[in-house]
Amino acid sequence: MAKLKIVKFGDETLRKVCRPVDEITPKITRLLDDMIETMRAANGCGLAAPQVGVLRRIAVIEVEEGVVYELINPKIIAYSGEQKETEGCLSNPGKWGITKRPAAVTVRALNRYGKEYELNGKDLLARAICHECDHLDGKLYTDVQIKSVEED
Ligand code: NI
C-alpha cells in the first residue's frame, strides 16, 4: 500500500465529473487500498478518488473506526429529513463549514468484488456519503455550506 498525495481546493481536478468504473481491475483494488491508507493517515472519515487525482467514481468512508465502506459507482437512491452540521474536507485542511444535508440516505454501490450493495446511513455517515458522492460530480462542501466556521 502507499500513501497518496491529496489534491487541495483550488485544483481543477476537484471540479471534474468522474467516469464510472466499468471493470474492477487489480489497479482499482490497489487504488482502494491506497485511498484507505491515505484517509487514515490524514485522520479523515472519507476520501474520493478525485482527491488523489484519479477521475473515477470511487470513494472510501470510515466514520466508525474499523468499519470501512468502499463505494464504486455509488448512487444515492433515497434520502429523508435534514441536518445542519459541521463538515470539512481533507482537500481543505483546517477549515470547516455548516452544511445542510439529508438526515438519512441510502446509497447503492459496488464493492471491490463487483457485488452491488446498499448502505443506509444517518447523521455523520449520511453526511459522509453525500460529501463523497458530491466529489465524484466535482462538487465541494463549500458549494452547499450555509456558513463557514472559524477556529477560535
Ligand atoms: Ni472532501
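The values are calculated or read from the model by the stated rules, or taken from the named source; none is laboratory data. Everything numeric in this text was worked out from a predicted model, so none of it was measured. We place every Cβ from the backbone using ideal geometry, glycine too, and count neighbours over all the protein chains shown.
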How do the pairs read when you match residues in the stretch 70-81 that are of a type in the set (Val, Ile, Thr) with residues anywhere that are at pLDDT 95 or above and not in a strand (DSSP E or B), using Cβ under 6 Å and keeping only pairs 6 or more apart or on different chains? Ile72/Val21; Ile76/Cys133
Being within 16 Å of the ligand (Cβ to nearest atom) and over 12 Å from the mean Cα position of the chain (by Cα) is the filter here, so list the residues in the stretch 125-152 that pass it. Thr142, Asp143, Val144, Gln145, Ser148, Val149
In the stretch 45-85, the residues that are closer than 18 Å to Asp33 by Cβ and of a type in the set (D, E, K, R): Arg56, Arg57, Glu62, Glu65, Glu70
Looking only at the stretch 77-91, filter to residues that are within 16 Å of the ligand (Cβ to nearest atom) and surrounded by fewer than 19 Cβ atoms within 10 Å (Cβ to Cβ); which one of those is nearest to the chain's Cα centre (by Cα)? Gly88
Could you grab me the full set of residues in the stretch 24-41 that are surrounded by 15 or more Cβ atoms within 10 Å (Cβ to Cβ) and within 18 Å of Pro93 (Cβ to Cβ)? Met35, Glu37, Thr38, Met39, Arg40
Answer with yes or no whether Val21 is touching a helix residue (DSSP H, G or I) at 6+ places or on another chain (Cβ under 9 Å), surrounded by 17 or more Cβ atoms within 10 Å (Cβ to Cβ) and within 16 Å of Arg127 (Cα to Cα). no
Filter the stretch 111-121 down to residues that are at negative phi, in contact (Cβ under 8 Å) with a residue 12 or more places away in the chain and not hydrophobic (A, V, I, L, M, F, W, C) and give me whichever is nearest to the ligand (Cβ to nearest atom). Gly121
For the stretch 93-121, give me each residue that is closer than 29 Å to Lys5 by Cβ and among the hydrophobic types (A, V, I, L, M, F, W, C). Trp96, Ile98, Val107, Ala109, Leu110, Leu119
Applying the selection to the stretch 30-58, what residues are over 19 Å from Cys133 (Cα atoms) and either among the polar types (S, T, N, Q) or in contact (Cβ under 8 Å) with a residue 60 or more places away in the chain (or both)? Asn43
Conditions: (1) away from the ligand (no atom under 11 Å from the Cβ); (2) within 17 Å of Ile61 (Cα to Cα); (3) not in a loop (DSSP other than H, G, I, E, B). Gly97 meets all but one. Number of the miss? (2)
Which residues, counting only those in the stretch 62-76, are part of a strand (DSSP E or B) and either under 25 Å from Arg30 (Cβ atoms) or within 15 Å of the ligand (Cβ to nearest atom) (or both)? Glu62, Val63, Glu64, Val67, Val68, Tyr69, Glu70, Leu71, Ile72, Asn73, Pro74, Lys75
Verdict on Leu124 being in contact (Cβ under 8 Å) with a residue 60 or more places away in the chain, over 26 Å from Ala2 (Cβ atoms) and surrounded by 13 or more Cβ atoms within 10 Å (Cβ to Cβ): yes
